[in-house]
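Here's the structure, in structure tokens; my notes come after.
The values are calculated or read from the model by the stated rules, or taken from the named source; none is laboratory data. Bear in mind the structure is a predicted one, so any value in this text is a computation, not a measurement. With ideal geometry, Cβ positions are generated from the backbone for all residues, glycine too; neighbour counts draw on all protein chains shown. We work out accessible area using only protein heavy atoms, side chains counted, and drop any ligands, DNA or RNA first. Shrake-Rupley method; radii C 1.70, N 1.55, O 1.52, S 1.80 Å.
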Amino acid sequence: HSKAIWAVAFARSGKVLASGSEDKTIRLWDAASGACLRTFAGHSGAVRSVAFSSSGKVLASGGDDRKIWLWDRKSGARMRIIAGHSECVGSVA
């Protein structure tokens, strides 16, 4: 990340973690090696919260753009954007 990190969440397996940043991106990391596995981009503001679905297949993120984004963890594809919040999305957990 090029700016401050605001959120970190481990996948249920404990092998992967996600981080959300002021730089408007989410990064997926290998917990053992520290290698960046994927970068998710699309938010128009800081990412304040990240969470994995119980299956680990979907990653949710929310932030200053007042939207919740759902991402396919494996492909990195955006699955859905949930808009309509009047303020920052501070938690998706």
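Observations on the structure shown:
- If only residues of segment 13-25 that are within 19 Å of K74 (Cβ to Cβ) and over 10 Å from the mean Cα position of the chain (by Cα) are counted, the one that is most open to solvent (accessible area, probe 1.4 Å) is K15.
- Residue within segment 62-71 that is farther than 18 Å from K24 by Cβ, in a strand (DSSP E or B) and either of a type in the set (F, W, Y) or open to solvent by less than 40 Å² (accessible area, probe 1.4 Å) (or both) present: no
Rundown of residues vs (1) of a type in the set (A, V, I, L, M, F, W, C); (2) open to solvent by 40 Å² or more (accessible area, probe 1.4 Å), yes/no style:
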{"site": "A11", "(1), (2)": "yes, no"}
{"site": "R27", "(1), (2)": "no, yes"}
{"site": "A35", "(1), (2)": "yes, yes"}
{"site": "S49", "(1), (2)": "no, no"}
{"site": "K57", "(1), (2)": "no, yes"}
{"site": "K74", "(1), (2)": "no, yes"}
{"site": "I82", "(1), (2)": "yes, yes"}
{"site": "S86", "(1), (2)": "no, yes"}
{"site": "G90", "(1), (2)": "no, yes"}
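- Evaluated against (1) within 13 Å of the chain's Cα centre (by Cα); (2) modelled with pLDDT of 95 or more; (3) part of a loop (DSSP other than H, G, I, E, B), A9 falls short on exactly one condition, (3).
- The residues of segment 74-93 that are hydrophobic (A, V, I, L, M, F, W, C), assigned to a loop (DSSP other than H, G, I, E, B) and more than 13 Å from G62 (Cβ to Cβ) amount to a single one, A77.
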